[in-house]
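Inspection log for the structure reproduced underneath, given as structure tokens.
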Amino acid sequence: MSLIEITDLNVRYGEIEALRGVSLRVDEGQVVTLLGSNGAGKSTTLRAISGLNRPHSGSIVFEGKPIVGLGPEAIARLGIAQVPEGRRLFPGLTVLENIMLGASNGKASSAAIRREADRMFELFPDIRPFANALGWTLSGGQQQMVAVARGLMAKPRLLLLDEPSLGLAPVIVQAVFRIIQEIRKRGTTVLLVEQNARMALKVADWGYVLETGRLALGGAPETLWGDARVRDAYLGGSQAKASA
């Protein structure tokens, strides 16, 4: 069943067309990845879904309800959470405080929020020892885990992940993608924007390739990986196929 469906989406920055006629869907329980080079429109797509960018035209339907025109706060209350590129922790707050901010919707008691934060430390045991440390003092990989934990605090129906492996060491990248798999097992649907196409396709149920604001291709991971055009343009060419 489709959780979110985008139809003929167009987004402009002034006179620049960032997205042109993009249509895609994410079914409930899936991990779907958006691939493409820098400037292809991947992050713009996420920002349009979360209400940070207002589409020029087109529709976004979440759980059967149109959400274009709603503000970010209203969209978050519907069950969509975004983990932005660059992590963006609050440097003056501790790790625990950063995580607890993800549940600041006014509905849960402080005790319930703390219990949920404890569950986040179960999912991300590597950051538990740093619960009372300032967020900026952690490594890039640890900060990424804090950012994802913060996004999960609101128990979203759809989690938007924007470049979660960017700038991380390979061993930390592996850990981040294991966490994405665990998130899916726990029932959260994920729309993943990622430059590391190899890792993204390993965890995804479906993938789309964006090229200069247009949807160039969509399909199952094995289909995308087996397409010579995709390998050459985004995944490292024939060498990538040989090492897959």
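What single numbered condition from (1) surrounded by fewer than 17 Cβ atoms within 10 Å (Cβ to Cβ); (2) outside any loop (DSSP other than H, G, I, E, B); (3) touching a residue at least 40 places away in the same chain (Cβ under 8 Å) fails to hold for G92?
(2) is the only condition that G92 fails.
Report, by residue number, each residue of the stretch 68-89 that is under 20 Å from V11 (Cα atoms), crowded, with 17+ Cβ neighbours inside 10 Å and not hydrophobic (A, V, I, L, M, F, W, C).
Residues satisfying the conditions are Q82, P84, E85.
Picking from R54, R25, which residue would you name as being surrounded by fewer than 21 Cβ atoms within 10 Å (Cβ to Cβ), out of contact with any helix residue (DSSP H, G or I) (no Cβ under 7 Å at 6 or more places or on another chain) and either touching a residue at least 60 places away in the same chain (Cβ under 8 Å) or in a strand (DSSP E or B) (or both)?
Values: R54 fails: either touching a residue at least 60 places away in the same chain (Cβ under 8 Å) or in a strand (DSSP E or B) (or both).
Exactly one residue qualifies, and that residue is R25.
Would you say E116 is within 17 Å of the chain's Cα centre (by Cα), buried (at least 17 other Cβ atoms within 10 Å of the Cβ) and in contact (Cβ under 8 Å) with a residue 12 or more places away in the chain? Outline the logic, then answer.
On the way: within 17 Å of the chain's Cα centre (by Cα): no; buried (at least 17 other Cβ atoms within 10 Å of the Cβ): yes; in contact (Cβ under 8 Å) with a residue 12 or more places away in the chain: yes.
It is false that E116 is within 17 Å of the chain's Cα centre (by Cα), buried (at least 17 other Cβ atoms within 10 Å of the Cβ) and in contact (Cβ under 8 Å) with a residue 12 or more places away in the chain.
Only one of these is part of a loop (DSSP other than H, G, I, E, B), of a type in the set (A, V, I, L, M, F, W, C) and either touching a strand residue (DSSP E or B) at 6+ places or on another chain (Cβ under 8 Å) or under 17 Å from G207 (Cα atoms) (or both): A40, A48, A18. Name it.
Numbers: A48 fails: part of a loop (DSSP other than H, G, I, E, B); A18 fails: part of a loop (DSSP other than H, G, I, E, B).
Sole residue among the options that is part of a loop (DSSP other than H, G, I, E, B), of a type in the set (A, V, I, L, M, F, W, C) and either touching a strand residue (DSSP E or B) at 6+ places or on another chain (Cβ under 8 Å) or under 17 Å from G207 (Cα atoms) (or both): A40.
Please enumerate the residues belonging to the stretch 204-231 that are under 20 Å from the mean Cα position of the chain (by Cα), buried (at least 19 other Cβ atoms within 10 Å of the Cβ) and aliphatic (A, V, I, L, M).
A204, V209, L210, L215, L224
A short reminder: the numbers here are calculations on the coordinates, not readings from a lab. Computed from a prediction, not measured in an experiment: that's the story for all the values here. Here Cβ is always computed from backbone atoms with ideal geometry, including for glycine, and neighbour counts include all displayed protein chains.
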